[in-house]
Amino acid sequence: MIVTSAVRHAAAGSAALLFVLPVPAATASSVSSPSSVAPVTPVSSVTSASSVGEPTPPTRQYVDPARLDRTGTQVQPLPGAPAVPSVSALSWVVADASSGEVLAARDAHRKLPPASTLKTLFALTALPHHEPSERHTVADSELTGIGDGSSLVGVKEGYTYKVSDLWNGVFLSSGNDAVHVLASMNGGWESMTRQMQEKAVSLGARDTHVVSPDGYDAPGQVSSAYDLAVFGRAGLQDPQFTRYCSTPYADFPAGSWSYGIANTNRLLTGADGVSRYPGLIGIKNGYTSNAGNTLVSAARRDGRTLVVSVMNPQAGGGFTVYEEARELLDWGFASAQRVRPVGSLLPVRVKAASDAGTRAVSVARDGGGTDTDSTAPRAGAERVTAPGKAAHGAAPSGASAGLSLALVGSACAAALALWGLRRRAAHRAG
């Protein structure tokens, strides 16, 4: 009876282990087979589609991110594609806001002064930190250091403003005074500069170097048409950002009264003889003597949203930047399904490899080399997980299976040993 009880208890323990432990075969199959792992869809792509009201985009085609490092105009037309307009801007990008695919570009990564289009990055960095209804009384120290000739909305010391008022001042009047106040509310000028730089890197915008958060000309401050398009696309995923950048007119408080301010983006308002662009969403224009005219625009037509960035047109007057953006938007809408993408605005993503020879790849910033350990690759690069290596966060299947078998085997061996001991003891007693 003692022997029978011991065997029964050991067998019960083994069965309990089998029920509790995961099934090794199923685990190994689900992780180790490359064909069974679906590619990871970037969160930013899904968010963008929902924010601009578009359907989830189809699986993105593979594009060579190094192509955008080349000089000159980059485009891959299919039969029937319209010709890319000949514009005078030093650098420009046309991209699909939903998929992030770059449809065409010229000198996309050329580093140039961004002027007030850098306020798009400022907004991406600072907007989440304060509610629009929050009120703030301006101190004199918050209005110091504003550059000569800066555009201003009229923020006054001692006046109390809602945060939404200050953001209207940033987006509509390009007010550097509003930027200084908001920067002070978010850690100060130097802290804001560091935060913006970190935000740019996190978005894969590797051409941008922030010196003055308001976009005022400063030695070494640069961005690129590619990075500005990245910032514009990211902004469209934020309803607050989108609301501010698409507002044509607003009232700005001045104590007991208020005055009207108009958005300086002429494509949005139709001011100064510039025709409004149908379906325009925004985003931000800029000008300094060093940067010339710069513009990030977004427009929606037939269920599709495009982002266009234009930097420093060399022909015509101060409004040429709007007309060249108009031409590029028209071309982008007319080119639907008629061009192959030449790049992507999406940050790095992880996908399953489709063949055994694929290894981890990320494209270096200036030279097209490979860097398998890069922690912050440029947007548009792809990182590929080779077969036999688990994706980040997944436990190796072999270790799980070995642990399960070892525990079950140990339980069975213990039961057999106990049974043998009891048999010998019974034999001697007899």
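The values are calculated or read from the model by the stated rules, or taken from the named source; none is laboratory data. It should be emphasised that the depicted structure is a prediction, and the values quoted were computed from it without experimental measurement. These accessible areas exclude ligands, DNA and RNA; they are computed on the full protein's heavy atoms, side chains included. Shrake-Rupley method; radii C 1.70, N 1.55, O 1.52, S 1.80 Å.
Excluding same-chain neighbours fewer than eight residues apart, the aspartates and glutamates reachable from Lys111 by a Cα-Cα span under 16 Å are Asp69, Asp207, Asp217, Asp227, Asp366. Scanning residues 5 or more positions from Ala250 or on other chains, those with amide H under 5 Å from its amide H are Ile261, with H placed 1.01 Å from N in the peptide plane. Per-residue surface analysis assigns Arg70 an accessible area of about 120 Å², computed on protein heavy atoms at 1.4 Å probe radius. A 1.4 Å probe, protein heavy atoms only, puts the accessible area of Glu327 near 80 Å². Proximity of backbone amide H atoms, modeled 1.01 Å from N, is registered between Ser344 and Val102 at under 5 Å, excluding neighbours fewer than 5 places apart on the same chain. Residues whose amide H comes within less than 5 Å of that of Leu280, counting only those at least five positions distant or on another chain, are Arg300 (H built at 1.01 Å from N in the peptide plane).
The accessible-area ordering, largest first, of the residues Thr160, Thr242 stands as Thr160, Thr242, per a 1.4 angstrom probe. Under 14 Å of direct C-alpha separation, and excluding same-chain neighbours fewer than eight residues apart, Lys162 reaches these aspartates and glutamates: Glu131, Glu134, Asp251.
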